[in-house]
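What follows is a set of notes on a single structure, which appears directly below.
Values in this text are rule-based calculations from the coordinates and carry no lab data. Keep in mind that this is a model prediction, so the values were computed, not measured. For neighbour counting, all protein chains shown are included, and Cβ atoms are generated from backbone atoms with ideal geometry for every residue, glycine included.
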Amino acid sequence: MDCIFCGIANKSVPTQLVHEDERVVAFRDLNPQAPTHLLIIPKAHYASIQDVPPEDLGIVGELVAVAQDLARERGIWPSGYRLVVNTGPQGGQTVGHLHVHLLAGRQMMWPPG
Ligand code: 5GP
Ligand code: ZN
């Protein structure tokens, strides 16, 4: 399978990681939309959050736990941040490997447009 985020997770695509554990990696977005824009992904390939089977949903909590840790480590809490999981075409998803965006460092707007 030709998946850029699998390549980042398995190190065949060299990328500076800001977090790595057994099941999760995080790295900077190539095209940042905020002063801090990180992507947090499972090492296992899921095409989207909709494709995570019920028995594997624990991984979503692990992604959020990594977001909490990064927010603490980087001092972006308590200022605040936004987690985004774009899902499917109308959700704005462009890379078909589940990822959580962590955006911070500027005032976020709502609605997102
Ligand atoms: P999506 O639109 O699917 O929610 O988000 C995909 C994100 O991945 C985009 O923000 C895009 O800038 C980022 N991205 C796409 N390809 C790469 C890459 O090869 N390396 C990194 N670091 N980010 C990427
Ligand atoms: Zn993948």
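Quick look at the values:
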quantity: 5 angstrom amide H check on H19, placed H, neighbours 5+ away; calculated: A26
quantity: Positive-end residue, the chain charge dipole about Cα centroid, Cβ charges, pick of P112, V52, L39; calculated: P112
quantity: The chain: angle of helix 58-73 to the longest principal axis, Cα-based, in degrees nearest 10; calculated: 40 degrees
quantity: Vicinal HN-Hα couplings computed from phi for segment 28-44 (Karplus, 6.51 cos²θ - 1.76 cosθ + 1.60; Hz; Gly/Pro x); calculated: 6, 5, 5, 10, x, 9, 6, x, 10, 9, 10, 10, 10, 9, x, 5, 6
quantity: Projected label distance in nm at M109 and R82, using a 7 Å step from Cα toward the beta-carbon; calculated: 0.9 nm
quantity: Fully extended contour minus Cα-Cα distance, from R74 to L30, at 0.36 nm per residue; calculated: 14.0 nm
quantity: Cβ-placed point charges (K, R +1; D, E -1), dipole of segment 4-104 about Cα centre in debye, nearest 20; calculated: 340 debye
quantity: Segment 4-104: proportion of alpha-carbon pairs further apart than 15 angstrom, %; calculated: 60 percent
quantity: Theoretical FRET efficiency, 1/(1+(r/R0)^6), r = Cβ-Cβ of E20 and H45, R0 22 Å, to 0.05; calculated: 0.85
